[in-house]
Amino acid sequence: MPFKVGDSVKVKEGIICPDDDSVCIGGWRGRVSDIEDDIVGIRWDSITLKQLPHEYIKKSEDEGLGWAEMYLSVAEIEQVLPRDSEAQAVAMAQEMENKVQWISMGKEGERIAKVIANADDADDGVEHRQECHIDHLLRLFLVLDTIRQRLSTKNDAQSLGLLL
């Protein structure tokens, strides 16, 4: 057997997806996850995952098929150097799974996914505004503390109308 679990592999040019003959998977890359006789399980790397066609993911979800991995014949793949780490691939698969988990529910699922995506974007905006507000308060505190330190006596502070 020319491959072992963990090897980085690339699908040979011209190979068609065994589950969807409208998708050419030539050039897709991943890591060997399983080997049984002449069949090799491949988990796609993070770069391939990012480039998966949305319609392929949607169709896979609708049919209950995995889109983050595939089983191919040994003759359909070749060994290559890795383009990412296994941790990066796992993280990308999880991130994508979180985004597409609703697709198989049809139009309702698509609406849920849009609401969640918008909520994530809104959360990012809220976090940014909170960070700006905290930064503003810290700067204000530093200015007030500097003023307090410069006012050496209570009379100086009273004459300026400041009691800190």
For this session: Would you be able to say whether some residue in segment 72-84 is in a strand (DSSP E or B) and without any contact (Cβ under 8 Å) to a residue 40 or more places away in the chain?
Result: yes
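Can you say whether A87 is closer than 30 Å to D45 by Cβ, loosely packed, with under 10 Cβ neighbours inside 10 Å and modelled with pLDDT of 75 or more, as far as the supplied structure shows? Break it down stepwise before answering.
Working: closer than 30 Å to D45 by Cβ: yes; loosely packed, with under 10 Cβ neighbours inside 10 Å: yes; modelled with pLDDT of 75 or more: yes.
It is true that A87 is closer than 30 Å to D45 by Cβ, loosely packed, with under 10 Cβ neighbours inside 10 Å and modelled with pLDDT of 75 or more.
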Exercise. Where residues in segment 33-51 are in contact (Cβ under 8 Å) with a residue 40 or more places away in the chain and outside any helix (DSSP H, G or I), which of them is nearest to P82 (Cα to Cα)?
Worked result: D45
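Looking at G41, G106, which is the one that is closer than 30 Å to I16 by Cβ and loosely packed, with under 11 Cβ neighbours inside 10 Å?
On the way: G41 fails: loosely packed, with under 11 Cβ neighbours inside 10 Å.
Just a single option satisfies the conditions, and that option is G106.
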Exercise. If only one of S46, S73 is touching a helix residue (DSSP H, G or I) at 6+ places or on another chain (Cβ under 9 Å) and of a type in the set (S, T, Y), which one is it?
Worked result: S46
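The values are calculated or read from the model by the stated rules, or taken from the named source; none is laboratory data. Nothing here was measured: the structure is a model prediction, and the numbers come from that model. Cβ atoms come from the backbone with ideal geometry, glycine included; neighbour counts cover every protein chain shown.
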